[in-house]
Amino acid sequence: MYRLGHIVLAGALCLAALPAWSQTAAHRAPRTADGKPNLNGIWQALNSADWDLQGHAAAQGPVYALGAVFSIPPGLSVVEGDEIPYLPAAAAKQKENRANWVKLDPEVKCYLPGVPRATYLPYPFQIVQSRENIMMVYEYAGAVRTINMGAPTKAPADSWMGWSNGHWEGETLVVDVTSQNADTWFDRAGDFHSEALHVVERYTPRSADILNYEATIEDPKVFSRPWKISMPLYRRVEKDARLLEYKCVEFTEELLYGPLRKKASK
Amino acid sequence: MTTRRSLASIIVLAATLAGLVLAPVPVRGQVPASRSTSTTKTWTPPRTPDGQPDLQGVYANATLTPLERPKGLGAKEFYTEHEFAELMKRIQQGIVPEEADLGNAAPQDVRYDLSLYGFDLTKATLASNRRTSLIVGPEGVVPPMLPEARKRNAERAAKNKGHEFDSYENRPLQERCILMAQERIPMLPGAADNNLLQIVEGPGYVVLLHEIDHSTRVIPTDGRPHISQKIREYQGDSVGHWEGNTLVVDTTNFTDLTAFRGSGEKLHLVERFSRPDEKTLLYQFTVEDPATWDKPWTAEIPMAKAQGPVYEWACHEGNYDEFVTILRGARVAEEEAARKAAK
Amino acid sequence: MRVGFMGYRSLASSAALTAFLVVSSAAPAAGQAAPAAKSATSGKSATSKKAWTPSRTPEGQPDLQGVWTNNTVTPLERPKDLAGKEFYTDAELAAGMKKEHERLDLNVEEGLPTEPGTAADVHYDFSEYGLDRAQTKIAWNHRTSIIVGPDGRIPPLTPEARKRIADRRAKAKGHEFDGPENRPLGARCLARPNVGPPLLPSAYNSNLQIVQGAGYVVIEAEMIHDARVIPTDGRPHLAKNVKQWMGDSVGHWEGNTLVIDTTNFTDLNPFEDAQNLHVVERLTRVDAETILYQFTVEDPGMWIKPWSGELPITKMQGQLYEYACHEANYGLVNTLRGARVAEEEAAKKATK
């Protein structure tokens with residue numbers, strides 16, 4: 001009992017001692033065998049951006065039965081300027097989305113998350129770098145995308161995860177993502193886009209175990225100007241870190257198909 | 001309105017039942033004779049290894065000085081030495097005059113022994129000074145509330161009227177263990193009841209732990225701005241900086257539910273922590289809210305160095321039974337009334 | 001009967017259909033049948049190696065990368081009338097290839113279903129969407145069955161497995177349409193038999209992509225965007241209590257061969273009711289166009305002995321496209337709604 005107060009304080013100080021986010025001077029990443037910055041590894045965002053890209057206070061979760069386990073954690077904004085520049089009609093739609101997010105959010109239904117949301121979902125993802133392609137494998141829903149590092153190619157059709165062409169700019173992996181369908185969202189706050197979405201992602205090694213992640217988001221049907229999010233991604237450094245299956249389809253079946261279940265015979 | 005009395009009876013009893021609270025052991029009768037801020041000593045506080053003024057330690061803000069000056073004292077801001085000595089003497093004899101604010105320690109119809117749990121104010125560590133009120137200045141009272149604020153608060157109260165016992169969300173924040181009276185900022189003395197404040201400093205941060213409901217504020221002193229105004233918190237967002245040997249903490253981003261003495265969400269709080277001598281932490285605060293008061297107001301509370309440690313004060317964890325009892329009581333009363341009406 | 005190969009037909013009829021509505025499948029070059037990959041399998045076994053040396057990744061691993069297909073006409077189990085005959089002759093294989101081409105030509109011309117008997121179940125043109133396996137490159141080989149050895153069939157079940165399966169079936173009987181969990185895993189977009197492991201060709205879309213990074217090999221099956229990220233750094237398997245649909249795969253290199261060891265399966269996939277499934281896969285690039293894929297499956301509580309299979313995986317053009325199954329799985333909705341409607345109608349009739 002004697003030390004409880006001290007423990008609380010020590011914990012608070014530990015948290016507080018985390019360095020403030022800041023752009024750091026160029027860190028030269030280790031190289032792959034073919035001389036490219038080596039981003040191989042399992043990475044994860046450590047923030048609550050998937051709840052709301054913009055700054056948000058803690059709030060009651062949607063399921064009372066889950067109490068503190070699934071309420072909304074607070075978080076600072078990952079949006080540059082803390083404002084998503086919606087066009088007026090789109091702003092209204094976002095409000096409606098937010099009000100009905102449990103019903104409308106594709107993440108609730110275990111749908112493929114799209115980009116950039118896949119990056120900051122509260123699950124790890126793995127970068128596997130080869131000469132021709134960089135594969136990003138996401139634990140959530142087993143989502144995956146292959147980034148073409150050769151001459152840019154064009155998508156044959158829109159898809160959930162879109163079409164990714166990448167190139168290197170110094171230490172930075174730049175990924176141009178187009179042809180995403182209009183069915184994904186950016187977060188659980190109802191932030192959304194149209195099929196005109198164009199995302200440019202930048203992955204820059206900041207130190208051995210941290211990447212700076214930036215995504216510039218452009219969609220003239222929804223936003224009045226391009227806007228940008230940024231956040232660090234942390235390497236999962238545990239020994240034996242690996243992606244496990246999170247095939248969430250099964251967890252949505254009662255929600256999606258439960259009403260079609262055979263009624264218990266009377 | 002839920003009085004401090006009901007609070008004390010509900011929360012403390014509940015917490016006691018849950019066995020989670022240990023009251024601090026007060027140092028008997030240790031009344032420091034610190035006077036006022038104006039008496040500046042040449043005492044220089046020590047420094048932390050990082051070179052910040054060292055405010056660290058455990059302090060108690062128990063005081064007999066009321067927040068607002070008793071009406072009869074007019075513009076009298078300080079007692080004379082003689083008046084103050086007399087007042088202290090009477091208090092130690094157990095005679096508490098109207099010039100003192102007993103707060104939680106006032107006699108009440110609770111079912112436990114006031115001499116237990118550190119409730120006996122006369123045995124507490126007191127940092128009272130010769131001030132006639134904690135609020136400084138010739139008026140010594142909270143400025144009048146603006147008509148719009150009066151209206152706002154009246155409307156909120158009217159909305160809840162008749163529904164006080166409808167559900168948990170109709171109960172006051174403190175009864176729900178969301179925001180206790182004593183942990184609220186600015187920190188007002190809670191008489192003798194769990195009034196300890198612990199200060200710990202680390203590089204670039206000062207942590208304030210209030211014993212009441214383990215309320216912890218981690219205050220950065222690295223010059224960062226406030227967080228986005230979109231993020232509102234019960235305790236607001238605090239950033240600090242050093243002015244000489246004084247820690248200055250600026251707090252905004254309050255919720256409109258925080259309502260410090262009727263304030264709105266525009267509440268702006270500036271707190272100043274300094275050490276006039278080894279045994280005293282001087283706590284001063286200024287609050288302003290142009291939507292609530294026509295001018296800012298300032299109070300000053302000396303805190304006396306106290307013996308630690310600060311124990312765990314768990315409110316919510318033991319609140320369940322008590323809270324259920326309140327609501328169940330209301331439901332039972334309703335049922336009985338319905339039954340009577342039906343007869 | 002294929003134990004646990006859950007309903008190719010029901011797949012094709014429900015979930016798959018919906019997937020096609022939203023997903024562009026790999027655009028195959030029609031009629032692009034690969035020349036018989038004799039190099040891989042014309043020899044009687046994998047041991048007949050050519051002098052061909054695989055290229056290396058920058059990290060020095062044998063390079064298995066690329067877009068591949070294990071699309072085949074070879075059945076998993078040997079047809080009864082071929083008992084004892086493990087390989088077709090060159091002439092027999094040539095005749096089989098010719099037959100496939102003719103069938104395809106007919107299809108392209110008339111848009112007829114390719115598989116009389118099964119096609120009656122489906123509502124779309126087999127010549128579209130790459131549904132006809134002959135429209136995609138085929139990894140031809142001389143084998144009469146994927147399963148090797150004189151039997152060429154999955155060995156008999158153990159008595160306890162027989163009982164387990166019978167019990168489960170009896171329990172499931174009459175409840176096939178009760179709720180989503182009664183439907184096959186494929187219809188639920190949870191797991192498809194082509195993913196395994198072992199990787200087994202599907203009736204359509206047997207497309208794979210292999211990507212290698214330092215210390216990892218990823219095998220992605222286009223259907224249903226299942227990527228197995230296989231570490232090759234010598235780490236052990238996951239704790240026994242962590243079960244996964246695709247199991248837990250760890251790999252290592254034996255010369256030019258990638259050997260993948262997989263355990264930690266659920267008892268639902270890929271072989272229903274197998275409780276201690278252990279799969280070993282071997283991938284060897286035997287020439288620029290071909291990976292020889294070999295596998296051994298064992299579960300002493302399931303089959304009386306281990307069994308092994310072998311088939312070539314052949315290089316194909318293109319990129320994998322997104323195969324989103326769950327996102328528009330109207331098939332499952334329609335199946336269940338249909339069952340409810342049928343029940344209501346039956347009830348109405350009964351009350352009349």
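Values for this structure:
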{"quantity": "Top-ranked residue of the stretch A:71-99 - restricted to ones that are in a loop (DSSP other than H, G, I, E, B) and in contact (Cβ under 8 Å) with a residue 40 or more places away in the chain, ranked as nearest to the chain's Cα centre (by Cα)", "calculated": "A:78"}
{"quantity": "Residue count for the stretch A:221-252, restricted to those that are touching a residue at least 12 places away in the same chain (Cβ under 8 Å), facing another protein chain (nearest Cβ under 9 Å) and not in a loop (DSSP other than H, G, I, E, B)", "calculated": "2"}
{"quantity": "Every residue from the stretch C:173-189 that is assigned to a loop (DSSP other than H, G, I, E, B) and at the interface with chain A (Cβ under 10 Å from one of its Cβ atoms)", "calculated": "C:175, C:177, C:178, C:179, C:183, C:185, C:188, C:189"}
{"quantity": "Residue satisfying all of: in the stretch A:133-186; among the polar types (S, T, N, Q), over 16 Å from residue A:200 (Cα atoms) and part of a strand (DSSP E or B); nearest to the other protein chains (Cβ to nearest Cβ) among these", "calculated": "A:159"}
{"quantity": "Any chance residue B:258 is away from every other protein chain (no Cβ under 14 Å), of a type in the set (Ser, Thr, Tyr) and touching a strand residue (DSSP E or B) at 6+ places or on another chain (Cβ under 9 Å)", "calculated": "no"}
{"quantity": "Odd one out for residue C:301, checked against (1) at pLDDT 95 or above; (2) within 14 Å of chain A (Cβ to nearest Cβ); (3) surrounded by fewer than 18 Cβ atoms within 10 Å (Cβ to Cβ)", "calculated": "(2)"}
{"quantity": "Number of the exception - residue A:59 against (1) more than 9 Å from every other protein chain (Cβ to nearest Cβ); (2) at pLDDT below 95; (3) over 21 Å from residue B:233 (Cβ atoms)", "calculated": "(3)"}
{"quantity": "Residue within the stretch A:203-214 that is free of Cβ contacts under 8 Å to residues at least 12 places away in the same chain, buried (at least 19 other Cβ atoms within 10 Å of the Cβ) and not in a loop (DSSP other than H, G, I, E, B) present", "calculated": "no"}
{"quantity": "Candidate set: the stretch A:24-52, residues that are within 14 Å of chain C (Cβ to nearest Cβ) and among the hydrophobic types (A, V, I, L, M, F, W, C); chosen: the one surrounded by the most Cβ atoms within 10 Å (Cβ to Cβ)", "calculated": "A:39"}
{"quantity": "Residues within the stretch C:204-235 that are more than 14 Å from residue C:193 (Cα to Cα), more than 8 Å from every other protein chain (Cβ to nearest Cβ) and in a loop (DSSP other than H, G, I, E, B), tallied", "calculated": "3"}
{"quantity": "So residue A:259, is it within 14 Å of chain C (Cβ to nearest Cβ), out of contact with any Phe, Trp or Tyr (no Cβ under 9 Å at 6 or more places or on another chain) and outside any loop (DSSP other than H, G, I, E, B)", "calculated": "yes"}
{"quantity": "Of residues in the stretch B:186-204 being at pLDDT below 90 and aliphatic (A, V, I, L, M), the one nearest to the chain's Cα centre (by Cα)", "calculated": "B:188"}
{"quantity": "Candidates C:320, C:311, C:336, C:332 - the one that is at the interface with chain A (Cβ under 9 Å from one of its Cβ atoms), in contact (Cβ under 8 Å) with a residue 24 or more places away in the chain and closer than 30 Å to residue C:296 by Cβ", "calculated": "C:320"}
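To keep it simple, each residue is scored yes or no on (1) under 27 Å from residue A:49 (Cβ atoms); (2) in a strand (DSSP E or B); (3) at the interface with chain A (Cβ under 8 Å from one of its Cβ atoms); (4) more than 23 Å from the chain's Cα centre (by Cα).
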residue: B:206; (1), (2), (3), (4): no, yes, no, no
residue: B:209; (1), (2), (3), (4): no, yes, yes, no
residue: B:225; (1), (2), (3), (4): yes, no, no, yes
residue: B:239; (1), (2), (3), (4): yes, yes, no, no
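Condition check ((1) in contact with an Asp or Glu (Cβ under 7 Å, 6 or more places away or on another chain); (2) closer than 19 Å to residue A:248 by Cβ; (3) more than 14 Å from chain C (Cβ to nearest Cβ)) across all residues:
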{"site": "A:54", "(1), (2), (3)": "yes, no, yes"}
{"site": "A:73", "(1), (2), (3)": "no, no, yes"}
{"site": "A:91", "(1), (2), (3)": "no, no, yes"}
{"site": "A:111", "(1), (2), (3)": "yes, yes, no"}
{"site": "A:118", "(1), (2), (3)": "no, yes, no"}
{"site": "A:131", "(1), (2), (3)": "yes, no, no"}
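The values are calculated or read from the model by the stated rules, or taken from the named source; none is laboratory data. Predicted model, so just to flag it, every value in this text is computed and none were measured. All Cβ positions, glycine included, derive from the backbone under ideal geometry; neighbour counts span all protein chains shown.
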